[in-house]
1. Which trypsin sites (Lys or Arg not before Pro) in segment 82-185 pass both tests, a DSSP loop state and at most 16 other beta-carbon atoms within 10 Å?
2. Okay, helix-only estimate at 222 nm for the chain: each DSSP H run of n ≥ 4 adds -39500 (n - 2.57), divide by all residues, round to 500 deg cm²/dmol; what do you get?
3. Compute the angle between helix 105-125 and the longest alpha-carbon principal axis of the chain, please, reported from 0 to 90 degrees and rounded to the nearest 10.
4. Rank PRO153, PRO142, PRO202 by mean-square fluctuation in a GNM of the chain with C-alpha springs under 10 angstrom and give only the top-ranked residue.
5. Considering only GLY171, GLY63, GLY94, give the residue with the highest GNM mean-square fluctuation for the chain, with springs between Cα atoms whenever their separation is below 10 Å.
6. Under the definition of Cα pairs under 8 Å and six or more residues apart, what whole-number percent is the relative contact order of segment 1-143?
7. What percent does the relative contact order of the chain come to when contacts are Cα pairs within less than 8 Å and at least six residues apart?
8. Normalising by the residue count of segment 59-178, find the relative contact order in percent from Cα pairs under 8 Å and 6+ residues apart.
Amino acid sequence: MAENNPYLKAQSGLQVILSALSIYRDHMALLVMTAAGPHLGSMLVEYLISFLGEPAGGVMVLGVMINSVLNALALAALTVAITHSLFGREPMLGTILASTMNSGLLQVILAYIFSVMVISAGLMVFLVPGILIGAVLSVVIPVVVVERLKFIPAVQRSVEMIRQGGGMLLGVPVFLFYLLVSGIVPFLVLLMQVEPGEAMAPLTPLLVAAVGSATLPLGFSANVALYLSLRAREGGTEQQILSDLGITAGKQNPA
């Protein structure tokens, strides 16, 4: 039942972030390894583009598309790893991969690309709209993965969950935490490695992949913790979450 799991309860924005820190602390090794695969894939894409020298625009677009798919895969896999660890038992990497592939991966990719596009547009037009859009879309990936919704219904449900569960007071802090930890920190590391007017150092993609593998799970843990808090606000129970995840009672974490 809901009260048996410390993460399935209504929380404030600050409490959600503190929960993310606890999740990362307790499951860091698994989460970093889960994120490492897609990040290593992105690293190989960067090395390939660098090897081509000055690739054509089509190659650059293909690289962006591949990275988008890998990022979506990483977020879906992290959702599986976190929820299964909190409501079942820490899964093996093979189990995470299998569950991710069965979680409607195409819908995850569409939801991720849509989210990135509208959030980026909002941030470029003016900072505040991008933050607000990011806030209401904070739980769209967990919705797709856990509840197996299609892309558009998942977007609608994410917006509705934020609106009914506490509004921007919940969504904005979580989005800013995710943006800072998973976006700004790796970007700053990249900036420190690349001198203006000079080519990227050979080990820079590897360093960026390593940093991203460590920071993405921490930032995204807040999104999953927010999703669980919103489920609790709706009256969701642990048994409902277990059913959504396909976890049987025998595989549940001991109380």
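Here, each number is a calculation from the coordinates, and none is a lab measurement. Given the structure is predicted, the values throughout are model-derived calculations rather than measurements. As a convention, Cβ positions derive from the backbone with ideal geometry for all residues, glycine included, and neighbour counts pool all protein chains shown.
1. Values: sites: ARG89, ARG148, LYS150, ARG157, ARG163; in loops: ARG89, ARG148, LYS150.
Sparse-neighbourhood loop trypsin sites (Lys or Arg not before Pro): ARG89, ARG148, LYS150.
2. Working: 11 runs with 191 residues, N = 255.
Value at 222 nm, helices only, nearest 500: -25000 deg cm²/dmol.
3. Long axis of 105-125 versus the principal axis of the chain: about 70 degrees.
4. Result: PRO202 has the largest fluctuation of those listed.
5. Top of the fluctuation ranking is GLY94.
6. Values: 102 pairs, mean separation 29.5, N = 143.
Relative contact order of segment 1-143: 21 percent.
7. Relative CO of the chain lands at 34 percent.
8. Values: 128 pairs, mean separation 29.0, N = 120.
Answer for segment 59-178 is 24 percent.
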